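Data first, discussion second: the structure below is written as structure tokens.
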Amino acid sequence: MNVQGSKRALLVAAALATLPFAVSAQASYPSKPIRLLVGVPPGGTTDLVARLVGDQLAKQLGQPVIIENRGGAGGNIAAEAVAKSAADGYTLFLGPVGTMTINPFVYAKMPFDTMKDFSPISQLTSLPIVMVVNPSVPAKNVKEFIAFAKSKPGEASFASGGNGTQTHLAGEMLKTMAGIDMIHVPYKGTAPAMVDLLGGRVSAMFDQIATALPHIRAGTLVPIGVTTAKRASVAPDIPTLAESGVPGFEATTWHGLFAPAGTPKEVIARLNAESVKALTAPELVEKFKANGVDPVSSSPEQFGAFVQAELNRWRDAVKAAGLKPE
């Protein structure tokens, strides 16, 4: 055998030698409890998603999935902790849209890079946002609202849970895409914003459909449209903004599962397969639906492409809003 032949043989032997370890890594994982970090305090939708998914994964994997709540800095504290953890599949992050794709454009200093410091596993949820108005506003759909805003410049206003939040940026997107002017009124959270919307002190608001539906059904708020590409399963009678006057409009709340960058592909593949399976579990699906959450799964590659597209979307929205990182 010549020298080149010897080198090829050695390379083939080395490649074959790694196969048992790859198979073994996937077969033996997990061999101890998994930590799932959440960037919010206990309670609320993000925490609920983490606990429901974590419980189901624990049943399937045969190891506890321990939920760790580390609130602060819009979820950046928890995300940074995961990004700097060992890339072995035992520390994961329940990443929401805000932390992973909006924070990079509203925080002057980010402790992580969404695309470089994480390995995407799968999208987990999609939560429709609905635009609602006070009944005193002379609009029952988006075309009428746009006409109202254009006919009375400076009179239309929208509340949000704070500057740079998704509820704020959704309103800025509508202003840009519909060519209207609305006064933004930021609050410290969506709860006080909803109080003023119900009281007629602001015209409109973008809110998660699960919390807005009781008011819609009671007639105290009027739905203008949902912000997702498709109608919401919990309220299929409410049209999307895209289909009823603002083509291309889309702003979705979502959650996904992330591991530190460099996590072995075999471990990512196992976690993806188990996540996809978990999202079809009848008990989990039922609880999701009861809270206005749609289960959504994807391959790691699909989720990575989705996250990049979301980064582009919210970068443009922040720029249109004229927000400067703080």
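Do you know which of the residues in the range 47-64 that are hydrophobic (A, V, I, L, M, F, W, C) and touching an Asp or Glu at 6+ places or on another chain (Cβ under 7 Å) is farthest from ALA278 (Cα to Cα)?
Across the range 47-64, the extreme among qualifying residues is LEU61.
Of all residues being within 21 Å of the chain's Cα centre (by Cα) and of a type outside the set (A, V, I, L, M, F, W, C) in the range 217-235, which is surrounded by the fewest Cβ atoms within 10 Å (Cβ to Cβ)? Just the residue, please.
Per the criteria, the residue is SER233.
Would you confirm whether any residue within the range 103-121 is in contact with a helix residue (DSSP H, G or I) (Cβ under 8 Å, 6 or more places away or on another chain), crowded, with 23+ Cβ neighbours inside 10 Å and hydroxyl-bearing (Ser, Thr, Tyr)?
No, the conditions are met nowhere in the range 103-121.
Name the pairs whose Cβ atoms lie under 7 Å apart, with the first residue in the range 297-326 and within 13 Å of GLU250 (Cα to Cα), the second charged (D, E, K, R) and crowded, with 16+ Cβ neighbours inside 10 Å, and 6 or more positions between them or separate chains?
ALA317/GLU172
Report, by residue number, each residue of the range 236-265 that is under 30 Å from LYS84 (Cα atoms) and either surrounded by fewer than 19 Cβ atoms within 10 Å (Cβ to Cβ) or not hydroxyl-bearing (Ser, Thr, Tyr) (or both).
ALA251, TRP254, HIS255, GLY256, LEU257, PHE258, ALA259, PRO260, ALA261, GLY262, PRO264, LYS265
Looking for something outside the structural domain of PHE118 (by TED's automatic domain parsing) and among the polar types (S, T, N, Q) - is there at least one such residue anywhere in the range 213-224?
There is at least one residue in the range 213-224 that is outside the structural domain of PHE118 (by TED's automatic domain parsing) and among the polar types (S, T, N, Q).
Tell me, please, whether a residue that is buried (at least 19 other Cβ atoms within 10 Å of the Cβ), in the same structural domain as ALA86 (by TED's automatic domain parsing), in contact with a strand residue (DSSP E or B) (Cβ under 8 Å, 6 or more places away or on another chain) and not in a helix (DSSP H, G or I) can be found in the range 277-292.
Yes - at least one qualifying residue is present in the range 277-292.
Counting only residues that are small (Gly, Ala, Ser) and not in a helix (DSSP H, G or I), which one in the range 213-243 is nearest to PHE288 (Cα to Cα)?
Across the range 213-243, the extreme among qualifying residues is SER233.
Out of all the residues in the range 194-211, which are among the aliphatic types (A, V, I, L, M), within 21 Å of the chain's Cα centre (by Cα) and at pLDDT 95 or above?
Within the range 194-211, just MET205 meets the criteria.
What's the total number of residues in the range 56-89 that are over 20 Å from the mean Cα position of the chain (by Cα) and among the acidic types (Asp, Glu)?
Looking only at that region, the number is 1.
Run down GLN60, GLN56 and say which single residue is at negative phi, surrounded by 19 or more Cβ atoms within 10 Å (Cβ to Cβ) and touching a helix residue (DSSP H, G or I) at 6+ places or on another chain (Cβ under 6 Å).
One residue alone meets the criteria, GLN56.
The values are calculated or read from the model by the stated rules, or taken from the named source; none is laboratory data. From a predicted model like this one, the values you see are computed outputs, not experimental measurements. With ideal geometry, Cβ positions are generated from the backbone for all residues, glycine too; neighbour counts draw on all protein chains shown.
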